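Peer 1: Structure incoming, see below.
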Amino acid sequence: MTDPTPPSPPPLRLPTDRTTGEESVVEARLRRMIAEAEGHPPVLEPVTGAVSYRHLDTPIGRMLLARHPGGPLVASTFAPDASTTERILQRIAERIGPVILHRPRDLDEASTLLEQYLDGHRTDLPVAVDLVLATPFQRSVYAALDGIGYGERATYGALAARLGRPSAGRAVGAALGANPVCVVVPCHRVVASSGSLTGYAGGLAAKEYLLDLEAGADRD
């Protein structure tokens with residue numbers, strides 16, 4: 001008499017975020033990997049923590065905030081739709097680690113500070129940031145923004161000159177357009193030499209709102 005066919009192993013169940021019950025990004029990716037491998041288990045690299053993220057509806061549009069496991073903010077960027085959110089989270093997964101969980105409470109402090117800033121109730125944003133999503137050149141451009149205070153403006157050419165690259169105005173503009181920590185790193189304060197507003201990740205209306213806010217327009 002032959003032995004009966006052994007039962008099939010139970011389906012793989014991955015942990016969800018216990019605070020929300022939502023499937024994490026890494027969970028969804030692993031499910032796809034399992035399906036593509038036709039049952040072969042994926043090889044997992046060890047991780048030390050999870051990046052937390054949340055969405056925040058603001059006067060300048062819907063934003064996605066993400067926080068590094070160590071505490072600093074790694075993203076404060078515009079995410080008007082699900083596909084944009086997916087692209088942002090994918091980049092975070094590639095640069096930081098695959099464990100990303102929707103945990104709004106982890107970003108309560110940063111969210112409150114940003115809301116107060118955008119409502120005109122504060123002129124600073126004391127939020128620690130980690131520019132891990134930026135290239136070395138982009139980081140040098142963002143560092144040059146430190147000399148442009150609240151309510152002030154600079155031109156792309158002037159910023160390029162600060163970096164010792166006076167002919168790199170276009171490269172500076174591209175770096176500012178890729179800013180992963182908008183508003184907190186104030187790339188909106190840079191304008192064309194004519195004074196006109198040019199490209200901004202959140203759109204020109206968002207840039208105009210920020211500059212008017214800092215200039216004192218429509219403030220209580």
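Peer 1: Kindly establish whether Thr123 is polar (S, T, N, Q), closer than 24 Å to Leu204 by Cα, in contact (Cβ under 8 Å) with a residue 12 or more places away in the chain and part of a helix (DSSP H, G or I). Reasoning before the result, please.
Peer 2: Working: polar (S, T, N, Q): yes; closer than 24 Å to Leu204 by Cα: yes; in contact (Cβ under 8 Å) with a residue 12 or more places away in the chain: yes; part of a helix (DSSP H, G or I): no.
Criteria not met by Thr123.
Peer 1: Continuing with this model, one more query. Going residue by residue through segment 172-190, is there one that turns out to be at pLDDT 90 or above, polar (S, T, N, Q) and either assigned to a loop (DSSP other than H, G, I, E, B) or farther than 20 Å from Ala75 by Cβ (or both)?
Peer 2: Here is the first cut: in segment 172-190, the ones at pLDDT 90 or above are 172-190.
Imposing the further condition that a residue be polar (S, T, N, Q) reduces the set to 179.
Pick out the ones that are also either assigned to a loop (DSSP other than H, G, I, E, B) or farther than 20 Å from Ala75 by Cβ (or both) and you get 179.
Looking through segment 172-190, at least one residue is at pLDDT 90 or above, polar (S, T, N, Q) and either assigned to a loop (DSSP other than H, G, I, E, B) or farther than 20 Å from Ala75 by Cβ (or both).
Peer 1: Next up: Can you tell me which condition Thr112 does not meet? The list is (1) surrounded by 19 or more Cβ atoms within 10 Å (Cβ to Cβ); (2) at pLDDT 95 or above, and all the others hold.
Peer 2: Result: Thr112 passes all but (1).
Peer 1: Have a look at Tyr150, Tyr142, Tyr200 and point out the one that is closer than 21 Å to Gln116 by Cα and touching a residue at least 12 places away in the same chain (Cβ under 8 Å). I'd like the intermediate steps shown before the answer.
Peer 2: Numbers: Tyr142 fails: closer than 21 Å to Gln116 by Cα; Tyr200 fails: closer than 21 Å to Gln116 by Cα.
From the options Tyr150, Tyr142, Tyr200, the qualifying one is Tyr150.
Peer 1: State all residues of segment 85-120 that are part of a loop (DSSP other than H, G, I, E, B), among the aliphatic types (A, V, I, L, M) and without any contact (Cβ under 8 Å) to a residue 60 or more places away in the chain; if no residue qualifies, say none. Write out each step before concluding.
Peer 2: Restricting attention to segment 85-120, the residues satisfying the condition of being part of a loop (DSSP other than H, G, I, E, B) are 96-99, 103, 119-120.
Subsequent filtering for residues that are among the aliphatic types (A, V, I, L, M) retains 96, 99.
Matches in segment 85-120: Ile96 only.
The values are calculated or read from the model by the stated rules, or taken from the named source; none is laboratory data. None of the values given here were measured: they were computed from a predicted structure. Every residue, glycine as well, gets a Cβ built from its backbone with ideal geometry; the counts of neighbours run over all protein chains shown.
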